[in-house]
1. Residues in region 104-123 that are over 22 Å from residue 73 (Cβ atoms) and surrounded by 18 or more Cβ atoms within 10 Å (Cβ to Cβ): how many?
2. The conditions are (1) closer than 26 Å to residue 143 by Cβ; (2) surrounded by fewer than 19 Cβ atoms within 10 Å (Cβ to Cβ); (3) more than 13 Å from the chain's Cα centre (by Cα), and residue 92 fails exactly one of them. Which is it?
3. Take the residues of region 105-131 that are over 15 Å from the mean Cα position of the chain (by Cα) and outside any loop (DSSP other than H, G, I, E, B): which is farthest from residue 34 (Cα to Cα)?
4. Taking the stated definitions as given, is residue 79 under 11 Å from the mean Cα position of the chain (by Cα) and more than 13 Å from residue 5 (Cα to Cα)?
5. Return a yes/no flag: does region 84-96 have any residue that is at pLDDT 95 or above, in a strand (DSSP E or B) and within 22 Å of residue 22 (Cα to Cα).
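The values are calculated or read from the model by the stated rules, or taken from the named source; none is laboratory data. Predicted model only: the values in this text are computed from it and were never measured. Counting neighbours? That spans all protein chains shown, and the Cβs are built from the backbone with ideal geometry, glycine included.
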């Protein structure tokens, strides 16, 4: 089994979008709302992310099975769209992607958000050292989000 995490290129946008749509269905099911931004994004939206974000992909035996995006703003690394193909979830791949994106932004405060009802995700992020600090709706959808932060990076 050959596994690597590398920076994705814009040519990977279609494959990343496919994984995103599969991975975020479980989030939509929690709130019974399938009009969430990750499920509505287009290939153009994902391609645009490459201009502002570091986009990583996890490749297993030559096939992309996960991805994460992040960008820095005013000393904070905003982590977005952590995803692992549903067939490969629960095997530590999400943790590996998080560790790698944090490694690339050493010295920054980290911030992310997840659905406030997403108990599995909240537990996952807490295990990585993140703590919730506010709940808020975003203008683009009805989901209530839990915003989480981490001020120091844990070693893998």
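1. Total satisfying the criteria: 4.
2. Failing condition for residue 92: (1).
3. Taking the candidates together, the pick is 109.
4. yes
5. Checked against the condition, which is being at pLDDT 95 or above, in a strand (DSSP E or B) and within 22 Å of residue 22 (Cα to Cα), region 84-96 yields at least one hit.
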